[in-house]
Ligand SMILES: [Ca+2]
Ligand SMILES: [Ca+2]
Ligand SMILES: [Ca+2]
Ligand SMILES: [Ca+2]
């Protein structure tokens, strides 16, 4: 008896121990199956429970063919019963499938909505399910927005769809949008005829001075010396110029004096068209898509209803744009005659790091010989833009200049927003086409680049645009970069990998692996930090690197972060937060074939923190039981 009691106790303990081990394994096993079912490589899949509700809720998510269904009858359903079901729905069978027996592809009677037909079939006890014939498409490397007129925006994606265009003669916007579609943090000033800030394809992308919009009328709430400047500012002091011809000369006077105001509404159309090219709301099933789908456009009205303005008004506008934090100023205008005041204003914008994108002009002029201003000022922040057409040919009337014009961009047959009062809000605005429409494509790209390479200055953004163009013959010798902008080449130049994985293989090594998607890097920079610490550079690799074994004396149970940055002569990528990964180290990381964890329940790489933590605590349970057992003995 004396011997038996402790023996029985130990046996109970052992039972408890095995039970816990089993529970542990079960926990790991369930974790594993949960991981697999959420991943791509499904092995065994339990059949989804089909209800009318589950089918209808799926129906709302996809595109499908009107007037068709795929109907599955329960196996063993008599052919006559199936035919009767079709008869009730007024449907005819198009075909059936060998690989999925009992499924029939049916055509519905005219006017019967797919959802109603599904409900009808699902009420039949012989029917296992009835579902829409969904439309799928090839997995694409492009991002195609839903905007109604996007198909006409050849400048962004040219499939030869417009005016006998050439497929591929575009700025590759749909590929660039894989990296970024813009950011509300980027303010773009449109110095122009104003902008229709109420346009429904622009409104939510318009800059707002919130302290004024929510402030007191008549009071300069943000003390920027402009009272009630909620939506921008109108600097125009002359609404109409009149010319007087005398014997020797033509002189101009203002025939309709106006006073500046807090209303930058566009009365011409030009400014709204420019704004839409830069930043019409993208993917909203409405109108057009801007190069930036989201941004903040600051309307600075410096040109009157006839598209004319003076340097004195323009300079005030530049001052305002700089003061209100614009990253880029779009100047789709200019003239001959060098103004020192305009020179000084753009020089000041340059010293504030503001990029100045200027139209090269529309007079077939060589700007190297006869400068056109502001495009021809020699500042490092100016990008001077010539116009190309839908066949990647320089527009004949576009100004050029091998030293003074920088780059080409699409400028003809450009559909964009105009004030809602004109042409129902969208127009090609052919009377203004050319470099006026080319410049905002470059401005939009600058904004797109700023939204990803947020650490870059105006010189670096300018270099990213001018260095990664598509060389085109009709610009060779005509503009300094010899090419037309390419948004994808610029955006992907130093693009950080999105799929970094970490795998601890020993106490001294963590392996890093990723896909190299950057196209213009000279080096990869591997950076590591401990939780709460600062990143340190641990290695510099060459171009196209995609893995790295990080050897280090890792601390046990410590969270390490990694990120990859890329660099070349232009600069170093920012270290985008989304691309950062972390791992918690373990003293004895599981090696391949290790059985202790059971059921492939491994700790470490590719798992999120809570999962790792849960696994760790579950695995500690048996140790705890052993400890208890030993103490009892
Ligand atoms: Ca103010
Ligand atoms: Ca106010
Ligand atoms: Ca739109
Ligand atoms: Ca690469």
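What does the highest-first list of 273-281, 471-479 look like by mean Cβ count within 10 Å? List each step's numbers first, then the result.
On the way: 273-281: 32.0, 471-479: 17.7.
Peptide ranking by packing, descending: 273-281, 471-479.
Taking the alpha-carbon centroid of each part, what is the distance from the range 396-460 to the range 260-322 in angstrom?
Using only Cα atoms to place each centre, the spacing works out to 12 Å.
Only counting other Cβ atoms within 10 Å, I'd like 96, 451 sorted with the fewest neighbours first. Spell out each step's value before the answer.
On the way: 96 14, 451 22.
Result, fewest neighbours first: 96, 451.
Would you mind calculating the relative contact order of the range 150-491 from Cα pairs under 8 angstrom and at least 6 residues apart, reporting the percent as a whole number?
Values: 929 pairs, mean separation 69.3, N = 342.
RCO, the range 150-491: 20 percent.
Using the count of nearby Cβ atoms within 10 Å as a rough guide to exposure, how do 250, 415, 526 rank from fewest to most?
The most exposed by this proxy come first: 250, 526, 415.
Compare the peptides 546-556, 203-213, 150-160 by average per-residue count of other Cβ atoms within 10 angstrom and give them in order, highest first.
Numbers: 546-556: 13.5, 203-213: 17.4, 150-160: 20.7.
Put in order of decreasing packing, that is 150-160, 203-213, 546-556.
Taking only C-alpha pairs under 8 Å that are 6+ residues apart, what is the relative contact order of the range 483-593 in percent?
Values: 239 pairs, mean separation 34.5, N = 111.
With pairs under 8 Å counted, the relative contact order is 31 percent.
Can you give the log10 of the normalised intensity I(q)/I(0) at q = 0.29, 0.30 Å⁻¹, computed with Debye over equal Cα scatterers of the range 319-373?
-1.21, -1.24
Just rank 162, 134, fewest to most, by other beta-carbon atoms within 10 angstrom.
Numbers: 162 17, 134 13.
So the residues, fewest neighbours to most, are 134, 162.
No lab work stands behind these numbers, since they all come straight from the coordinates. What you see is a predicted model; the values in this text were computed from it and never measured. Here Cβ is always computed from backbone atoms with ideal geometry, including for glycine, and neighbour counts include all displayed protein chains.
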